[in-house]
Amino acid sequence: MVDFLPQDSLVNEINNSISDYDVLMGEASSKWGQSRGDLEDLMKRIAYHESKGISGASQLGGGPGRGLYQFETGKGGAGETAANRLVHELGYTPDWLNITEEGLDASSLNPEQQNMLFLANYMQKPSKGSSMRDVG
């Protein structure tokens, strides 16, 4: 005899196997009409330009830029703004997202988490027509 999971359990099992990164990437891909591969390629290029692709990078000369995309640290800095946009995009605060009184240090996050910050930040940008297509 085959055991069947109740509908809610099956839905929860499927949802738990889809990462937040996959959800964000799917939304961005749909929003901008670009494939996941193209978006990831573009993000790698931007990360290389900003930090040579080093996730723990700090801005040369001791400036506030940190991580793959050189999000600025400090209260109200770009790192904190990106974190707030990620929370808005996801609808909750991930347990790994640690915004302190000093803001957010993106270099303390792993590359996937930094990519999520980057995507959510760009998806929530208030500028008219903001798109990854504009970057390419």
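The values are calculated or read from the model by the stated rules, or taken from the named source; none is laboratory data. Quick caveat, the model's predicted, so the values are computed rather than measured. So basically every Cβ, Gly included, is an ideal-geometry build from the backbone, and we count neighbours across all protein chains shown. For the accessible areas, the whole protein counts, side chains as well, though only heavy atoms, and no ligand, DNA or RNA atoms are used. Shrake-Rupley method; radii C 1.70, N 1.55, O 1.52, S 1.80 Å.
Enumerate the whole-percent occupancy of each 10 Å bin, from 0 to the last occupied one, for all C-alpha pair distances of the stretch 32-120.
Per 10 Å bin, starting at 0, the Cα pair percentages come out as 19, 50, 28, 4.
Roughly speaking, what is the centre-to-centre gap between the stretch 52-73 and the stretch 82-122 when only Cα atoms are used, to the nearest Å?
The two parts, judged by their Cα centres, are 15 Å apart.
Determine how large the accessible area of D95 is when every protein chain is in place; take a 1.4 Å probe and give Å² rounded to the nearest 10.
Around 150 Å² of this residue is reachable by solvent.
Between H88 and D20, what is 0.36 nm times their sequence separation minus the Cα-Cα distance? Round to one decimal in nm.
Result for the pair: 23.2 nm of gain on full extension.
Please go through the stretch 41-114 and write out the GluC sites (Glu not before Pro) that DSSP classes as loop and that have at most 10 other C-beta atoms within 10 Å.
E101
Select from the stretch 9-99 those chymotrypsin sites (Phe, Trp or Tyr not before Pro) which occupy a DSSP coil region and have at most 12 other Cβ atoms within 10 Å, ordered by residue number.
Within the stretch 9-99, the qualifying chymotrypsin sites (Phe, Trp or Tyr not before Pro) (loop, at most 12 other Cβ atoms within 10 Å) are Y92, W96.
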